[in-house]
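Every number in this text was worked out from the coordinates using simple rules, so none of it is lab data. Computed from a predicted structure; not experimentally measured. Neighbour counts run over all protein chains shown; Cβ positions are idealised from the backbone, glycine included.
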Amino acid sequence: MIKEIVLENFRNYEEVKVSFNEELNIFCGQNGQGKTNLLEAVYFLGMLSSFRKTDSTQMVRQGENSFSISGHFEGADAAALSIEKSHNGWKKICADGSNYKKKLDYIGKVRMVVFSPDEMELIQGSPEGRRRYLDRAYFNVYHHHLRQLKIFRRILKQRNSLLKKDAFRRQEINSWSEKLAYAGARVVKGRMSMTALLNEKLDKSHPFIGRDKVSLQYMGAFNADDDYEKIEAKLLASLFKLRKEEEQRRITLAGPHRDDIAILVNGVIAKSFSSRGEMRSVLLALKTAETEVYRSVWGETPLTLLDDVASELDIERRKALLSFLRQKGEQVLITTTEVENIPFERSSKDSLFMVSEGKILH
């Protein structure tokens with residue numbers, strides 16, 4: 001749970017300090033005032049990356065050289081986080097007074113689940129976005145997955161570099177194929193494990209998607225019960241089968257970087273939906289399933305960030321979503337352009353903030 005955050009020269013915020021309530025925190029304001037920027041800052045503090053399509057240099061307030069974000073947390077792996085970044089790179093990454101040189105050792109000390117309008121691309125966009133989603137969700141539960149991904153990507157880059165050469169030794173490409181299959185099997189197994197965990201939670205009814213059944217299907221040449229060795233063997237066989245085509249196209253054609261994840265509603269790929277409201281409800285089901293997975297594995301609840309979640313949901317689904325989140329006792333940070341869009345209860349556990357031109361009033 002986040003208790004407090006302080007921003008300096010971040011986006012349109014010159015300097016702002018926000019103290020959060022333990023359950024529902026609503027940030028209301030017109031578009032372009034800084035609501036999403038605040039959620040982005042919270043996420044960036046924990047993950048050192050943005051959930052938006054942006055370059056971190058754009059986060060520095062106009063006319064300044066760097067920004068800083070610091071926050072205090074309860075029930076996280078670290079009580080105090082502090083970062084500072086300039087146009088030229090990182091100046092400070094700190095947790096509980098300790099400085100970190102490797103981002104990988106810092107990332108994930110605070111678990112978060114985020115929903116933003118950009119994530120509609122999970123349904124409508126490319127396989128790359130869906131792979132990224134599943135990797136991020138699994139990393140939120142098991143941090144070692146990010147290390148496995150980095151190892152795989154490093155090997156993939158080396159193998160692709162070798163394929164681009166006009167001449168290379170076949171023995172050398174065989175060696176990198178074996179390494180790729182070994183590392184790729186770890187990535188695939190992790191993704192399939194997360195797919196199964198999410199499906200288990202999605203199988204339970206979610207009031208904001210009605211009677212529809214949402215599920216995921218990992219689209220690769222593997223069976224759900226395949227162990228590392230079987231996946232590795234299948235990957236290696238595919239690499240050898242595609243060798244001639246790879247040499248012609250000079251790129252690796254088999255591996256987890258080529259897989260996809262199908263998002264299904266009642267057994268039909270969700271991309272066929274025409275209603276954005278329906279698609280948004282499906283994504284919310286995925287996000288709440290993420291929080292349920294984390295809670296079942298670790299006995300804790302991640303921080304939930306919901307950006308403009310209510311704009312395309314009908315009133316009944318809005319009420320159902322907030323009721324669901326309240327029942328779980330989750331801390332939620334949610335943005336809206338209209339207070340009426342969020343069923344708000346004035347209580348000691350809820351807070352309403354008004355956001356205008358980089359200022360936040362409680």
What are the residue pairs meeting all of these: first residue in region 244-260, first residue at positive phi, second residue among the aromatic types (Phe, Trp, Tyr), Cβ atoms under 9 Å, and 6 or more apart or on different chains? GLY255/PHE152
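Please verify whether LEU325 is hydrophobic (A, V, I, L, M, F, W, C) and either assigned to a loop (DSSP other than H, G, I, E, B) or surrounded by 22 or more Cβ atoms within 10 Å (Cβ to Cβ) (or both), treating the condition exactly as stated.
It is false that LEU325 is hydrophobic (A, V, I, L, M, F, W, C) and either assigned to a loop (DSSP other than H, G, I, E, B) or surrounded by 22 or more Cβ atoms within 10 Å (Cβ to Cβ) (or both).
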Among the residues of region 1-52, the number that are surrounded by 20 or more Cβ atoms within 10 Å (Cβ to Cβ), small (Gly, Ala, Ser) and within 22 Å of LYS92 (Cβ to Cβ) is 2
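From PHE67, PHE20, PHE51, grab the single residue that is touching an Asp or Glu at 6+ places or on another chain (Cβ under 9 Å), in contact (Cβ under 8 Å) with a residue 60 or more places away in the chain and more than 30 Å from SER311 (Cα to Cα). It would help to see each step written out before you state the result.
On the way: PHE20 fails: more than 30 Å from SER311 (Cα to Cα); PHE51 fails: more than 30 Å from SER311 (Cα to Cα).
It is PHE67.
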In this structure, is LEU333 part of a strand (DSSP E or B) and of a type in the set (A, V, I, L, M)? yes
Every listed condition ((1) under 18 Å from the mean Cα position of the chain (by Cα); (2) surrounded by 16 or more Cβ atoms within 10 Å (Cβ to Cβ)) holds for GLU300 save (2)
What is the residue count in region 141-190 for residues that are within 23 Å of ASP77 (Cβ to Cβ) and in contact with a Gly (Cβ under 8 Å, 6 or more places away or on another chain)? 5
Within region 209-237, which residues are charged (D, E, K, R), loosely packed, with under 13 Cβ neighbours inside 10 Å and either over 30 Å from SER275 (Cβ atoms) or touching a residue at least 24 places away in the same chain (Cβ under 8 Å) (or both)? ASP225, ASP227, GLU229
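Pick out the one residue from ALA137, ALA167, ALA95, ALA196 that is surrounded by 22 or more Cβ atoms within 10 Å (Cβ to Cβ) and small (Gly, Ala, Ser). Walk me through it before giving the result.
Details: ALA167 fails: surrounded by 22 or more Cβ atoms within 10 Å (Cβ to Cβ); ALA95 fails: surrounded by 22 or more Cβ atoms within 10 Å (Cβ to Cβ); ALA196 fails: surrounded by 22 or more Cβ atoms within 10 Å (Cβ to Cβ).
Being surrounded by 22 or more Cβ atoms within 10 Å (Cβ to Cβ) and small (Gly, Ala, Ser) holds for just one of ALA137, ALA167, ALA95, ALA196, which is ALA137.
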